[in-house]
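Working notes for the structure below.
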């Protein structure tokens, strides 16, 4: 009897091993996926060491042999936009991937304002967010089968992971679109209508998380503020799983669990909406955010476009000029534009004083798409952003400001034609509201309280009243001309 039990157990073990053997793919590589056009495309997976792997796509077959770790990778040649296609991968078993499109693939990441879904109570995202503007109508009209989204599963880890199971590729339709990131959907819809190529979105955000959670340990170690916490996490990695309730807010845990497993899937670029959780550390963000951008580019191995949303307006508007940590965070975001192939969508005018999750995601996606047209698609004619401060000159008690990004001209939006949001200070560093007017391509301002202007600030508040635009309808980015120590100085 014991012999029969042993024999039965052995047979079951052999059967299980047989099931586990053979080719296995990451969740990203599956039915309905979108592959990046016009570049070499890596396809990878796992198999038994030494197992022969054959991949057939578009009538050609490519071979690979797994490494000792079991991982294999095949690099497909550049493919123009098109589809649907079928891919077959053979080893001990045969896997068939259907309905593959080739177009542009964008990674969408950040925190809750990127995560907020179009509208679906059953989506894997949290449901505590407000409905976006016209949610029901938008979902009903979302019949775009050549737009797809892969939603990355929320996973934290103290070491980089090779896999994230995700939620599979979803084809955009009224029955699925509610699960899509609202910002990513409107961004993808704009690009699809403009370029008529398939658009794939890899959605990997997590609400309420800080930027440092999305950066690799190696990159964070180059920043003094994060050397000690990263070293501590690395010491924990061998013995403690990153499953505690606050793991998503620790340095590098989300990079390890939700970004590393996506590499090296070929991307057109990244869209990023994050910063609220770092708003009290704006000065630190000046180095942290560029480190994140460089880190991801280094991991993928190329200088992909990185587009981001500047923090929207939030909280009450000030009655007098004031210091603002949100303004300092916005400044830090804008400073990342010194990096090549970056772009910023200003959202200063589409926030909500009472809700950190503004419901207007249409304009956010549209403005990101405008920036993408310029940065990622090389459209030299598009006006992608609003007025941006360039220089200041002072004559007597008057300051004259020159802007770039004026498009077809500067305009004052609302306010009975009066410019709002400009403040001026003298050497005493005390700011007063300024009287400002548009004169051609310039803004001229003064205040009777400041006989000799030294510094000017615009839209320098959590929720500023500011109304300088270009004729294309895009708002001016907030700025300051001074470099005086801010309220987030030294905060870690």
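Output the residues belonging to region 131-154 that are assigned to a loop (DSSP other than H, G, I, E, B) and buried (at least 22 other Cβ atoms within 10 Å of the Cβ).
132, 152 - these are the residues of region 131-154 that are assigned to a loop (DSSP other than H, G, I, E, B) and buried (at least 22 other Cβ atoms within 10 Å of the Cβ).
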Practice problem: Report those strands (runs of 3 or more DSSP E) wholly inside region 383-434 carrying at least 1 residues which are farther than 18 Å from residue 321 by Cβ and free of Cβ contacts under 8 Å to residues at least 60 places away in the same chain. | Solution: 388-395, 398-404, 410-412
Practice problem: Answer yes or no as to whether residue 197 is in a loop (DSSP other than H, G, I, E, B), closer than 27 Å to residue 377 by Cα and touching a strand residue (DSSP E or B) at 6+ places or on another chain (Cβ under 9 Å). | Solution: yes
Quiz prompt | Where a residue in region 203-224 is closer than 21 Å to residue 178 by Cα and assigned by TED's automatic domain parsing to the domain that holds residue 154 and its partner, wherever it lies, is modelled with pLDDT under 95 and part of a strand (DSSP E or B), with Cβ under 6 Å and at least six apart | solution = none
Quiz item: Restricting attention to region 318-337, does a residue exist that is closer than 29 Å to residue 261 by Cβ, touching a residue at least 12 places away in the same chain (Cβ under 8 Å) and in a loop (DSSP other than H, G, I, E, B)?
Solution: no
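The values are calculated or read from the model by the stated rules, or taken from the named source; none is laboratory data. As the structure is a computational prediction, the values presented were derived from the model and not from experiment. Using ideal geometry, Cβ is built from the backbone for each residue, glycine included, and neighbour counts are taken over all protein chains shown.
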